[in-house]
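Here's the structure, in structure tokens; my notes come after.
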Amino acid sequence: LDENLHKEIIKHIVLMYYPAGYQIFKEGEAGDALYLIHKGKIRVYHEPKEGSLLPDEVAELNDGEFFGEISLISDIPHTAAARTMSESEVFVLSKENFHTLMANNSALANKVSSIVVERLESNDKNK
């Protein structure tokens, strides 16, 4: 992403600090933000299915990665839950600001859209 886009994004984000083990959102909740990991580790997973005690891991995300985009792009509830695995610093971009940035920047829209497609395909394989 170019420097101008970085500056534009920075105007609209909030840096949140989460302790290890913090539930950022649950599967099925309405999506209201895009989350960009500044520092830390986030586990994205499906809640345990009936008869199972363990959740199904979708991904382990680290510094520089993002999540929460599927519910914003598709306008559906979160398809998985997210929990911190370590103390984490996460930039939070509201749904409204996310859509504004996507509408005004085709390079960002293309990048996020391609990642959404990959993740949806991966989620379908893991179900």
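The values are calculated or read from the model by the stated rules, or taken from the named source; none is laboratory data. Computed from a predicted model, the values in this text were never measured in an experiment. In this analysis, Cβ positions are derived from the backbone assuming ideal geometry, glycine residues included, and neighbour counts consider all displayed protein chains. Just the protein is used for accessible areas: all its heavy atoms, side chains included, with ligands, DNA and RNA removed. Shrake-Rupley method; radii C 1.70, N 1.55, O 1.52, S 1.80 Å.
Listed values, structure above:
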quantity	calculated
Among (1) farther than 16 Å from L101 by Cα; (2) under 12 Å from the mean Cα position of the chain (by Cα) - the single one I70 does not satisfy	(1)
Scope region 97-111; condition modelled with pLDDT of 85 or more, over 14 Å from F67 (Cα atoms) and of a type outside the set (S, T, N, Q); matching residues	H99, A103
Hits in region 47-74 - residues which are touching a residue at least 12 places away in the same chain (Cβ under 8 Å) and charged (D, E, K, R)	E47, D56, E57, E60, D63, E65, E69
Spans of helices (runs of 4 or more DSSP H) in region 1-118 with at least 3 residues in contact with a helix residue (DSSP H, G or I) (Cβ under 8 Å, 6 or more places away or on another chain) and open to solvent by less than 60 Å² (accessible area, probe 1.4 Å)	69-74, 95-104
Sole residue being within 30 Å of N4 (Cα to Cα) and at pLDDT 95 or above, chosen from S94, S88, S114	S88
